[in-house]
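The block underneath contains the structure these notes are about, expressed in structure tokens.
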Amino acid sequence: GWQASMKSGSLSYILPCNRLPVQLMSQVRVYTSNGQKKDLGSEDTNRSTPEETLHKVGTGRQDTTNAGQKQSFLKEPIQVKVKAVLKKREYGPKYTQNNFITGVRAINEFCLKSSDLDQLRKIKRRSPHDDTETFTVYLRSDVEAKSLEVWGSPEALARERKRRKEAEIKYRENLFRNQRLLREYKEFFGNTKPRSSAAAMFFKGPGKVVMVAICINGLNFIFKLLAWVYTGSASMFSEAIHSLADTCNQALLALGISQSARTPDPSHPYGFTNMRYIASLISGVGIFMMGAGLSWYHGIIGLLHPHPIESLLWAYCILAGSLVSEGATLLVAINEIRRSARAKGLSFYQYVVQSRDPSTNVVLLEDAAAVLSVAVAATCMGLTSLTGNPYYDSVGSLGVGTLLGSVSAFLIYTNTEALLGRSIQPEQLQRLTELLESDPVVRAIHDVKATDMGMSKVRFKAEVDFDGRVVTRSYLEKQDIEQLLQEIQQVKTLEELEAFMLKHGENIIDTLGAEVDRLEKDLKQRNPDVRHVDLEIL
């Protein structure tokens, strides 16, 4: 095998094949980050020289080799290249003083005035908002120093923060009390404010459909209830309960529409659009409990304890009027869904199944069930009149209950799917994916998720592998290349190299952020349904 010995920076080893000792000498220079160098090859002059070391090794093997052979010593210096590496920087709490802070946070967190910020250094940075390109920030260290200058000490600043916190709590309490007094005043003297945007929603679109349905179903309930009191028909009782359930559920839909118009707040940053789905889900449960449950109960009671039915003339007249009114409401709902489906490029069936507009869907299905249930009730009552057998009337009540149960099951399923956050259609997702992949700055995208948040609002999320060369080239296109070349030529030391890289590295990161903003803006402009875009850098 190889035999080697090493002493004081000199390297000597013996090749076993020809027994010739070979001496190799080198000096290693270690560079530090401050540009200094150390010579490790001449640290200790008292150590034995390489010639003495090799002479000893050669003498020890002289007995086993040819005594007359002349030993030759080859001296070939080896050049060792040592990579200069910057010392790893330990970032402590003081480094966060270089962080930027907005003017609003500076005023709120450090109890300053806007006039205090006028004396500080202002830095223009890329804005995270779509409506502005740049905005002004301040160095956190400058803001902290200014706050100490204004308040004198950290203890005084802490006391001021505590005082302002208590004042804010007291202000909120007073605001809640004043709002309650204002509501009481409005209830007593009446509200003279102009019509709000939430109220205007009930004069067009789904709100108009719901209000028309509330009025018609309320009148139908009153007339059907009077007919049931007069005739005692189980089918007429089921129809009255059906109209009552429709009226209550549609009132709940109106509440959901008004609540969905509320603006987003810090507690609900994505808004309240899902209130329509929640109201529709509760409406489906209400139809099942009030409509289907009571209809089944009354039908079963009629089968167990049949009783003769009085004249059904008034009942037929009321059912005819109900058929006309329910049919008119059904036509209003159908026209609204057709118009909305045409605007979205969907078929009538797809629009209903996907529950694009839950409020209109509930009105459509309830009125469709109402028309069918009127036909079932009229048929069963006619059979009872012809045969005198009250069992037909009870069977009609069970049929109406089954129809309402089917409608409620469909509403519960579709609205639950919408609230769970289902994915958008594959074709739409493919268009969004192709739009991103066709951009030169994007190498690949992974983990794509597009969730339908309801009411034509989509949230898109993807992990994007950006092409660093394209991003860097985009940055260089905005720079003066000659001036940049001069800066490179002036770099002589490691400190200058570090400063150069830090300066342009930060600018390249800002360029990457600008590319992310551009992609998000393009996705929203080309796909109006996409309201929230989250692109994660891979």
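The values are calculated or read from the model by the stated rules, or taken from the named source; none is laboratory data. All figures in this text were calculated on a predicted structure; none of them were measured in a lab. Positions of Cβ are generated from backbone atoms using ideal geometry, with glycine treated the same way; all protein chains shown enter the neighbour counts. Only protein heavy atoms, including side chains, enter the accessible area calculation; ligands, DNA and RNA are left aside. Shrake-Rupley method; radii C 1.70, N 1.55, O 1.52, S 1.80 Å.
Laid out as a table, the results:
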{"item": "When the range 224-349 is reduced to its Cα atoms, the Kirkwood hydrodynamic radius in Å", "result": "17.4"}
{"item": "Accessible-area ranking of 242, 268, 532, largest first, probe 1.4 Å", "result": "268, 532, 242"}
{"item": "Å² of accessible area per residue within the range 308-462, as computed with a 1.4 Å probe and no ligands counted", "result": "46"}
{"item": "Long-range amide H partners of residue 530 with built H, under 5 Å", "result": "458"}
{"item": "Where 134, 472 fall by accessible area, highest first, once all protein chains stay in place (1.4 Å)", "result": "134, 472"}
{"item": "Residues whose placed amide H lies under 5 Å from that of residue 442, excluding near-sequence neighbours", "result": "467"}
{"item": "Mean-position separation - Cα centroids, the range 401-469 and the range 234-270, in angstrom", "result": "27"}
{"item": "Solvent exposure, largest accessible area first (probe 1.4 Å, DNA, RNA and ligands not counted), of 455, 211, 236", "result": "211, 455, 236"}
{"item": "Label point 7 Å beyond Cα of residue 121 along Cβ direction - residues of the range 503-531 with amide nitrogen under 20 Å", "result": "503-510"}
{"item": "Pairs from 124/478; 478/503; 124/449; 204/344 whose Cα-Cα separation, in the structure shown, is over 23 Å", "result": "124/449"}
{"item": "Solvent-accessible area of residue 228 with every protein chain in place, 1.4 Å probe, in Å² to the nearest 10", "result": "70"}
{"item": "Value of Rg/Rh across the range 283-423 [Cα atoms, Kirkwood radius]", "result": "1.06"}
{"item": "Residue-by-residue Karplus 3J(HN,Hα) for the range 491-504, coefficients 6.51, -1.76, 1.60, Hz, glycine and proline x", "result": "6, 10, 10, 5, 5, 5, 5, 5, 4, 5, 5, 5, 4, 6"}
{"item": "Extreme residue, positive dipole direction of the range 263-379, given options 291, 343, 316 (C-beta unit charges)", "result": "343"}
{"item": "Additional length obtainable on full extension of the chain from residue 145 to residue 102, 0.36 nm per residue less Cα span", "result": "13.9 nm"}
{"item": "Prolate/oblate/rounded label for the range 426-501 (Cα gyration tensor, a/c 1.5)", "result": "prolate"}
{"item": "Fraction of accessible area attributable to carbon and sulfur, the range 207-349 (%, probe 1.4 Å)", "result": "74"}
{"item": "Estimated inter-spin distance, residue 155 and residue 497, nm [label 7 Å along Cα→Cβ]", "result": "5.1"}
{"item": "In nm, spacing of pseudo-spin labels at residue 469 and residue 169 (7 Å Cα→C-beta vector)", "result": "6.1"}
{"item": "Under the Karplus curve 6.51 cos²θ - 1.76 cosθ + 1.60, θ = phi - 60°, whole-Hz ³J(HN,Hα) for the range 406-421, x wherever Gly or Pro sits", "result": "5, 4, 5, 5, 5, 5, 4, 5, 5, 6, 5, 4, 5, 6, 6, x"}
{"item": "Within the accessible area of the range 417-503 (1.4 Å probe), percent carbon and sulfur", "result": "53"}
{"item": "Vicinal HN-Hα couplings computed from phi for the range 140-148 (Karplus, 6.51 cos²θ - 1.76 cosθ + 1.60; Hz; Gly/Pro x)", "result": "4, 5, 5, 5, 5, 5, 5, 5, 5"}
{"item": "Part-to-part distance (alpha-carbon centres) for the range 519-538 and the range 137-156, which is given in Å", "result": "39"}
{"item": "Of the GluC sites (Glu not before Pro) in the range 426-528, those whose Cβ has at most 10 other Cβ within 10 Å and which sit in DSSP loop", "result": "477"}
